[in-house]
Amino acid sequence: METSEDDFDVDVEADFIGRETDLKKIYKAWGKHRIFGIFGLRSVGKSRLVKEFLTRNKSKEDVIVNVDVKPLSNISSLYSHICIKLGIGTEATAHESDRWIHHIVSELVKRSEENLILVFDNTEDYQEFKGTATRDSFLSLCAHVIKKCSNVKIILTSTTRVQFAGLGHAYFSYKVLPLKRTETSRLLRSMTSGTDLGDYEDSIVKLSEGLPLLILMIGSELTVDDGMLTPEDIVECLLTSRLKTLSREFYPKEDRVADVYKDFIDRLAERYRENLTILEYIPGAFNVDQVKQLLDAETEAIVKHDTLKPILGRHFLSYDPTTRRFNIQGILRECLQSYYTIKNLPEVRARYCKIFTAVMVNISKRIGTTQYTEAMAEFTLEHPNLQKLLTDVKHTRQDTYHFFIKIATDCTVLVDQFMAGDGEDFYQGCMRIANMYGKDRDRANVHIAVGSLYTNIKGPGTAKQGHLVRGADNYDSAIAVFEKYGKSLRLATAYQRKGWNLLSQGKNLEAVKFLKKAFGLSVSSGKEYQSILLQSLNSLGLTNAVLGRFEEAEKYHFESLKRRKEIQGEDHPFVGACLNNIGIMYYQKGDSHKALKFYEEGLEIKRKSAAPVTSLVNSLSNTANMYSETGNSKKAHVLLDEATELLNKEKVPCRDSTALIYDTKGKVYRREGAFKFAEDVFQKAVDVRKEISEENVVYLESLVHLANISKRQGNYVSCIKISNKALTIKEKAEIAMPQHPFIKECLECLAEVYKKTDDKVKYKETLEKLESELIRLETVHLDHGNEKDLFKVRTQIREIKAELEMAS
């Protein structure tokens, strides 16, 4: 479809593919108009489109005259070249004034019996750089021809939209956009015939941006040297250095992508080029207000007129009218990064910090309100810009450090839940600048943020426990500072998050103490305390449920639900999470039907509110498990299939969530008696969790489930092997989650196998180990104040003692 040149005179062209919509629109306009302006980005395929259109639609009577304007340096050379193309002589005096126009027009009038089509290719120079007089003369020629020569049509190709006054209905302009994805694929395949692109085709298509020049150069790289570079190699090269890959020195200059687009940028007036270079500092899309602030302009109107409109008209920017946001075209962005520098970079960075700190704080404030959906939609648009903001902490100076302290203070939920991959480096940077420039309360605010990061970060076994301890230490540092200043929102925040950290460690009695402090500070305070109050109520509900204090747990959970609905609305994902937690409470209490009711309500709200995929998958897993327990396996499988589909749609599926769904499927199959299916999915859960970490408690859990299903099928050798593997991580699992029951369940499984196989020695040894593990759990539950599980453990200890006496 396209060539690497916007020129008719190339010897070798790729097959013309696609562009059917473009051709139809030009054809539809062909009978109604007489002059056509075909414009678009450099090397987007304007000339090739015009050539294809004329090839398809030229009648026998049509005479096409092609004039490549690009090499013609002035009006004199343009005049001479047109005369040569028309086969007429030049006049000696034609160069005076506009005599040359009259000469050409009069010659065309004489040829009224012919249907002439004049194609002026690459006319942008004559509009931008040949001077005002040259531009006016050229446009005047076109206008005079259209007005006086009814037998002539004109086609102009240009990177700049050609502007005509006075031609009215005669003029039709059309913007040529990059190729569509399907067209790009077809052109790429035609260029790489015989090369199996495999799974890399989509990536190559995306990286070519629908620009014919890029597609042709990629095709060349894949086919030269007998295909030495594989599709996988090309994708890696394009991702790491696209400009360099497609601009190697042995290509002609006009084919080197970097040269083509650097020349295109160099054509911009200096002030536009400087402004565009500054705007490139924003890595994602941006709106007019952000441009105004970053360029330090007076008003949005001035920015639109003096900057955005001229640059947009030259195709350096794209504009989305739905979001009202601009973006810099991808390959041009790479050229700007490689070849141009911002003169006043520290000032630009400072403005960037100010602009996007305000954006980030605004989004963070709305996440916990009825405006959640709008806030997350804005976050999706701003995500690359906010990522850059976090990385800019390394450039902080004294005049900008307070922006980052503001983020660490007000945006931890946003960072922890949606930007966790950038959080650790960001908070380390915040701690550095707080120590350098800040006061003790600045440092304390960062300690809270770092504490939240370590508390919520995922990690394997002992590493996770280490993160929790580090998180608790950071909260203690913050509390020591804020307690000196009396009651404050920051102190309430530190108390609440320390309580959540202790709950995550299984230290429930200590957790309750801090959570009640947070609750006490926030329950009778102003609106700014609402978020901490809701989190405290939620955590107190969870902690009391673990402790078996279900009456207390219900009180806190339902108060949290009531307040959340008032503050956040009926269909907020946090309301869905609250309902899910109430379901967990009833499950722990042993009331499966009530648990299912609240799981279903929470799941429905999460679906409505477009909750994060991991949150939705957790609810799907809980609800499916409860359907299975209450005898509805069919519904359970439907929900688990839904969860699998959601995870498969993610660009990078969460492996923890994937393993969770495998594990839940295994439980469902086990209850159905489909032990072979259960074994298969439990094995998948084991494999995924092993990849994540062999020290993780959930890996131990899956091993125990797999061992149990082997036992159920009478495969005792496999059961013993898997159980012994599980027992090798006993100590690390006890450190990571001392209250977990999985070693107990593993030893119970082994004891049953040895009993059935009549191995009396191993049976007795295993019972003794089981008794020891139960005594350990008794101590843990006693320390944690977990009366419900303490009662169960003590009952089982008595049973094991009796069993040991019998075995003796």
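The values are calculated or read from the model by the stated rules, or taken from the named source; none is laboratory data. Note that the structure is predicted; figures quoted are calculated from it, not measured. No Cβ is skipped: glycine too gets one built from the backbone with ideal geometry, and neighbour counts run over all protein chains shown. These area figures cover heavy atoms from the full protein model, side chains too; ligands, DNA and RNA do not enter into them. Shrake-Rupley method; radii C 1.70, N 1.55, O 1.52, S 1.80 Å.
Can ASP591 be described as open to solvent by 10 Å² or more (accessible area, probe 1.4 Å) and at pLDDT 95 or above?
On the way: open to solvent by 10 Å² or more (accessible area, probe 1.4 Å): yes; at pLDDT 95 or above: no.
Here the answer is no, as ASP591 does not meet what is asked.
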Tell me the residue from THR160, THR223, THR192, THR230 that is farther than 30 Å from ARG111 by Cα, of a type outside the set (A, V, I, L, M) and buried (at least 21 other Cβ atoms within 10 Å of the Cβ), please. THR192
If we keep only residues of the stretch 411-435 that are over 19 Å from the mean Cα position of the chain (by Cα) and closer than 24 Å to SER488 by Cβ, then the residue surrounded by the fewest Cβ atoms within 10 Å (Cβ to Cβ) is ASN435
Going through the stretch 645-668 one residue at a time, which ones are part of a helix (DSSP H, G or I) and open to solvent by 50 Å² or more (accessible area, probe 1.4 Å)? GLU645, ASN648, LYS649, ARG655, ASP656, TYR662
Any residue in the stretch 544-552 that is among the small types (Gly, Ala, Ser) and in contact with an Asp or Glu (Cβ under 9 Å, 6 or more places away or on another chain)? yes
From the list ARG351, ARG366, ARG333, pick out the single residue that is open to solvent by less than 70 Å² (accessible area, probe 1.4 Å), of a type in the set (D, E, K, R), at pLDDT below 95 and under 23 Å from GLU274 (Cα atoms). ARG333
Restricting attention to the stretch 605-624, which residues are open to solvent by 20 Å² or more (accessible area, probe 1.4 Å), part of a helix (DSSP H, G or I) and out of contact with any Asp or Glu (no Cβ under 9 Å at 6 or more places or on another chain)? ARG607, SER615, ASN618, ASN622
Taking the stretch 731-741 and keeping only residues that are among the hydrophobic types (A, V, I, L, M, F, W, C) and open to solvent by less than 30 Å² (accessible area, probe 1.4 Å), one is left with ALA733, ALA736
Restricting the first residue to the stretch 519-546 and requiring it to be in contact (Cβ under 8 Å) with a residue 12 or more places away in the chain, which pairs with a second residue that is open to solvent by less than 30 Å² (accessible area, probe 1.4 Å) and outside any helix (DSSP H, G or I) meet a Cβ separation below 7 Å and a spacing of at least six or different chains? SER531/GLY368; VAL546/ASN786
Name, by its number, the condition in (1) of a type outside the set (Gly, Ala, Ser); (2) open to solvent by 20 Å² or more (accessible area, probe 1.4 Å); (3) in contact with a Gly (Cβ under 8 Å, 6 or more places away or on another chain); (4) within 12 Å of MET191 (Cβ to Cβ) that does not hold for GLU209. (4)
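May I ask you to list the residues in the stretch 669-710 that are charged (D, E, K, R) and in a helix (DSSP H, G or I)?
Within the stretch 669-710, ARG670, ARG671, GLU672, LYS676, GLU679, ASP680, LYS684, ASP687, ARG689, LYS690, GLU691, GLU701 qualify.
If the requirement is being polar (S, T, N, Q), open to solvent by 40 Å² or more (accessible area, probe 1.4 Å) and farther than 23 Å from LEU790 by Cα, which of these qualifies: SER560, SER531, SER504, SER522?
Criteria check complete, one pass: SER531.
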Of all residues making up the stretch 307-330, the number that are more than 21 Å from GLU382 (Cβ to Cβ) and open to solvent by 60 Å² or more (accessible area, probe 1.4 Å): 2
Among the residues of the stretch 732-773, which ones are touching a residue at least 60 places away in the same chain (Cβ under 8 Å) and either in contact with a Phe, Trp or Tyr (Cβ under 6 Å, 6 or more places away or on another chain) or not in a helix (DSSP H, G or I) (or both)? MET737, PRO738, GLN739
Output for the stretch 711-731, where each listed residue is of a type in the set (A, V, I, L, M, F, W, C) and part of a helix (DSSP H, G or I): VAL717, CYS719, ILE720, ILE722, ALA726, LEU727
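I'm trying to understand the selection: among the residues of the stretch 749-779, which are among the hydrophobic types (A, V, I, L, M, F, W, C), open to solvent by less than 20 Å² (accessible area, probe 1.4 Å) and within 51 Å of the chain's Cα centre (by Cα)?
Passing the criteria: CYS749, LEU750, ALA751, VAL753, LEU770, LEU774, LEU777.
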Please go through (1) without any contact (Cβ under 8 Å) to a residue 60 or more places away in the chain; (2) open to solvent by 10 Å² or more (accessible area, probe 1.4 Å) for TYR340 and return the number of the only condition it doesn't satisfy. (1)
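Yes/no per residue for (1) under 50 Å from the mean Cα position of the chain (by Cα); (2) open to solvent by less than 50 Å² (accessible area, probe 1.4 Å):
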{"site": "SER43", "(1), (2)": "yes, yes"}
{"site": "SER47", "(1), (2)": "yes, yes"}
{"site": "ASN57", "(1), (2)": "yes, no"}
{"site": "VAL65", "(1), (2)": "yes, yes"}
{"site": "LYS70", "(1), (2)": "yes, no"}
{"site": "SER73", "(1), (2)": "yes, no"}
{"site": "LEU78", "(1), (2)": "no, yes"}
{"site": "HIS81", "(1), (2)": "no, no"}
{"site": "ILE88", "(1), (2)": "no, yes"}
Working only within the stretch 55-87, note down all residues that are touching a helix residue (DSSP H, G or I) at 6+ places or on another chain (Cβ under 9 Å), β-branched (Val, Ile, Thr) and modelled with pLDDT of 90 or more. ILE64, VAL65, VAL67, ILE82
Confirm whether PHE791 is loosely packed, with under 15 Cβ neighbours inside 10 Å and aromatic (Phe, Trp, Tyr). yes
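If you check ILE302, ILE311, which single one turns out to be in a helix (DSSP H, G or I), free of Cβ contacts under 8 Å to residues at least 24 places away in the same chain and not acidic (Asp, Glu)?
On the way: ILE311 fails: free of Cβ contacts under 8 Å to residues at least 24 places away in the same chain.
Just a single option satisfies the conditions, and that option is ILE302.
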